[in-house]
Amino acid sequence: MTGPGVRPPVAAALATVGFFALLVAVLGMTSLFLEQDVIATEGLGNLPGATAAGLATVAVLGVLLVTLRRPNPSYWIAAVVTLAAVLAYLVGLWFGAVFAGEDPVLAASAAGEFLLSWFALALAVVAFIAGWVGVALVRTRADRPRWPWESDTDEP
């Protein structure tokens, strides 16, 4: 059975919510496993991390909203989503640190340290998964499961 599939804005929203949930979980588990802070720079506080995660989430949503509208979107969109999320996270980390009153050089150092850590790889994997899921939701023309007696035809 094939149905109309998921509309692109709905797929983008679902993939973005999944991205944020996975981002929090994966960064938390990576931090626990490595026994390191996600943002290892001393004294930055919580604002840079929250700003970075928020901006990365907005970037994922923006890329998916724009790219999923095309008919039969390509799975290469996942790579674009990954790049956008990582860059947005770095920019958000820098702006969050500067907005919190830190030196711009210290903020750039924190962003560079994040980029060279395992946390950046974790972010990239989560963003790739979210992009792939968004494309898969639009391309898959599946319908809800139905019992045999729910079919529209009179076939047994």
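Derivation of every value follows stated rules applied to the coordinates shown; laboratory data play no part. Source: prediction; values computed, not measured. We place every Cβ from the backbone using ideal geometry, glycine too, and count neighbours over all the protein chains shown.
Any idea which of T57, A122, G96 is furthest toward the positive side of the dipole for the chain, if Lys and Arg beta-carbons carry +1 and Asp and Glu beta-carbons -1? Of the listed residues, the answer is T57.
In a DSSP loop and with at most 13 other Cβ atoms within 10 Å, the chymotrypsin sites (Phe, Trp or Tyr not before Pro) in region 69-149 are Y75, W76.
For the chain, the Kirkwood radius over C-alpha pairs fed into Stokes-Einstein at 37 °C and 0.692 mPa s yields D = 194 µm² per second.
Only DSSP H runs of four or more residues enter the estimate; each adds -39500 (n - 2.57), and after division by the residues of the chain the mean residue ellipticity at 222 nm equals -23500 deg cm²/dmol.
The GluC sites (Glu not before Pro) of region 39-122 that DSSP puts in a loop, and whose beta carbon has at most 10 other beta carbons within 10 Å, are E42. Taking trypsin sites (Lys or Arg not before Pro) across region 77-156, the ones in a DSSP loop with at most 15 further Cβ atoms lying within 10 angstrom of their Cβ are R141, R146. Would you mind checking the tilt of helix 118-139 against the longest principal axis of the Cα atoms of the chain, expressed as 0 to 90 degrees and rounded to 10? On a 0 to 90 degree scale, this one is about 20. Summing Lys and Arg as +1 and Asp and Glu as -1 over all other residues whose Cβ lies under 13 Å from the Cβ of A12 gives a net charge of +3.
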